[in-house]
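*Asks:* Sharing a structure below in structure tokens format, with a few things to ask.
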Amino acid sequence: MSVLQDLHLHYVQACQNLSQPENPFIAPVLQEANKNDDISSKGITLKLAGNNHLVPVLRVTDDDLGVLVSVLGQAAFVTGLDLAYNVLTDAGAKTMATFLQEKSTLRYLNLMFNDIGASGAELIAGALHRNESLVHLRMTGNKIGNQGGMFFASMLKINSTLEKLDLGDCDVGLQCLIAIAIALTQNKSLKAINLNRPLLSNQQEETTVHIARMLRSNSSLLELHLGKHEMKNFGVERLCEALYENSSLRYLDLSCNNITCDGVKFLGELLKRNQTLEILDLNANRIEDVGAIYLSEALLTWNRTLQALSIVSNNITGKGLVALAHTMQFNTQLSHIYIWGNKFDRSTCVEFSELIEMGRLQLGCTDVAPYKVDGKVFLAELSHGLAKHRYWAPCCATVAPGAANASLDIVAVSEY
């Protein structure tokens, strides 16, 4: 019997051997995988996410995972496993940790928004001390807390294979963020890390200072997410000072912070000299017109490396938005811009409409589309953005990495 026929059959046999009922959600996915012509040459990702389905699904449990990994232990062609939005607990984490230590050929593992806690995080992080295959791990939304995050910080001092780590929305704290920053001064393999929405009890921005110190010496990190860090202008200044000495970071996410025009002034000065930053996310801050003008001045004359800019919901009026539109007419490198949630006036609508109509700005690279009523131009919202597929992805089609996706395919680890 060929490899293409074995996957589902092995699952049925494993369920019988372990006296575990078949999960009606898992079985069809395995049957569909068997039809993949590239299964043996390129490897496949099993997509078992519990959301984004047109019909209710029986989400994957710890017992289901035990059966599944017994099958995957004999299926080296399965290189990716998406188990997001299921009901896995620390018991499931123990099963996965054992698999990662012993038989795994996985390069991509998505465990986001399950019920894994600190003890489960300890097991998975411990398994990665010895695992040499996993390239991309997503733990997003599992409430591992500061204690669980510390285990991943320790892992980063040892593991030299992992390239992308997502610990966003995991309730990590001050101690964990500092430990991760220290670990990344030594780690030379990690290319992308998401540290969004930690739980911070003070307003001293101590974590930002440590992350800035790390950026001075780290030459491997390409993508850094620091959303919802309660960062203020002081923290932005520290980051900019560090990035003058950093020549590797390409994607900086500072969304949902407390950055004003004074903080953006530092970013504007950075952009005049920085030759590596390609994506800047300032979504949901308070930069207003003055901040938008600082950015437009830097991008108009000095910077020719930034490709994507998000200034969604920043209380910017037509004055700042028109300045950025004018900048795009001269700076051809800036290809993606997201502006929804600001205060559009007539001139804003006309300027961005002209950019789109002349082909300077593609609809797939912005979050607005022009339309006319009684001869007047208005802008409607498009569901695009830098973080469009951070928490979900359509199960019916592959998402083009270059169009309104999380990182424009900058971090070169393909799907992983």
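*Asks:* With a probe of 1.4 Å, find how much accessible area the chain has per residue, and write the answer as a whole number in Å².
*Replies:* On a per-residue basis, the chain sits at 41 Å².
*Asks:* Cut-off 10 angstrom, C-alpha nodes, Gaussian network model of the chain. Which of F151, F352, F378 fluctuates the most?
*Replies:* Looking only at F151, F352, F378, the largest GNM fluctuation is found for F378.
*Asks:* No solvent, one uniform scatterer per C-alpha: report log10 I(q)/I(0) for segment 38-381 via the Debye equation at q = 0.08, 0.11, 0.13 1/Å, two decimals.
*Replies:* Values returned for q = 0.08, 0.11, 0.13 Å⁻¹ are -0.45, -0.80, -1.02.
*Asks:* Angle, helix 3-17 long axis vs. longest principal axis of the chain, Cα atoms, 0 to 90°, nearest 10?
*Replies:* 60
*Asks:* Cross-link partners among aspartates and glutamates for K228, C-alpha distance below 16 Å, same-chain residues fewer than 8 apart left out?
*Replies:* D166, D169, D171, E205, E206, D253, D281
*Asks:* Give me the extension gain from V55 to K376: residue separation times 0.36 nm, minus the current Cα-Cα distance, reported in nm with one decimal.
*Replies:* Full-extension gain reported as 111.3 nm.
*Asks:* Also: What percentage of the solvent-accessible surface of the chain, computed with a 1.4 Å probe over protein heavy atoms, is contributed by carbon and sulfur atoms?
*Replies:* The nonpolar share, carbon plus sulfur, comes to 51 percent.
*Asks:* Using the alpha-carbon atoms, what tilt in degrees (0 to 90, nearest 10) does helix 90-102 show relative to the longest principal axis of the chain?
*Replies:* That works out to roughly 80 degrees.
*Asks:* Quick check: pseudo-label points 7 Å beyond the Cα along Cα→Cβ at E269 and T317, how many nm apart are they?
*Replies:* Label at E269, label at T317, 2.8 nm between them.
*Asks:* Restricting attention to segment 188-225, which GluC sites (Glu not before Pro) occupy a DSSP loop and are surrounded by at most 14 other Cβ atoms within 10 Å?
*Replies:* none
*Asks:* Follow-up. Got a sec to turn the phi values of segment 58-71 into Karplus ³J(HN,Hα) couplings, 6.51 cos²θ - 1.76 cosθ + 1.60 with θ = phi - 60°, whole Hz, x for Gly and Pro?
*Replies:* Per residue, the Karplus-derived 3J(HN,Hα) values read 8, 5, 5, 9, 4, 5, 4, 5, x, 5, 4, 5, 5, 6 Hz.
*Asks:* Next question, about the same structure. Along its three principal axes, how long is segment 247-354 when you only count alpha carbons? Whole Å, largest extent first please.
*Replies:* That gives 40, 30, 18 Å along the principal axes, largest extent first.
*Asks:* I'd like the orientation of helix 288-301 relative to the chain: the angle between its Cα long axis and the longest Cα principal axis, in ° from 0 to 90, rounded to 10.
*Replies:* Relative to the chain, helix 288-301 is tipped by roughly 90 degrees.
*Asks:* Still on this structure, please answer the following. Could you identify which residue out of T332, T79, T95 has the top mean-square fluctuation in a GNM of the chain using Cα springs shorter than 10 Å?
*Replies:* Among T332, T79, T95, the largest mean-square fluctuation in the Gaussian network model of the chain belongs to T332.
*Asks:* Can you tell me the FRET efficiency between Q16 and M358 if r is taken as the Cβ-Cβ distance and R0 is 60 Å, rounded to the nearest 0.05?
*Replies:* Using R0 = 60 Å, I get an efficiency of 0.40.
The values are calculated or read from the model by the stated rules, or taken from the named source; none is laboratory data. What you see is a predicted model; the values in this text were computed from it and never measured. Positions of Cβ are generated from backbone atoms using ideal geometry, with glycine treated the same way; all protein chains shown enter the neighbour counts. Accessible surface is based on the protein model in full, side chains and every heavy atom, while ligands, DNA and RNA are left aside. Shrake-Rupley method; radii C 1.70, N 1.55, O 1.52, S 1.80 Å.
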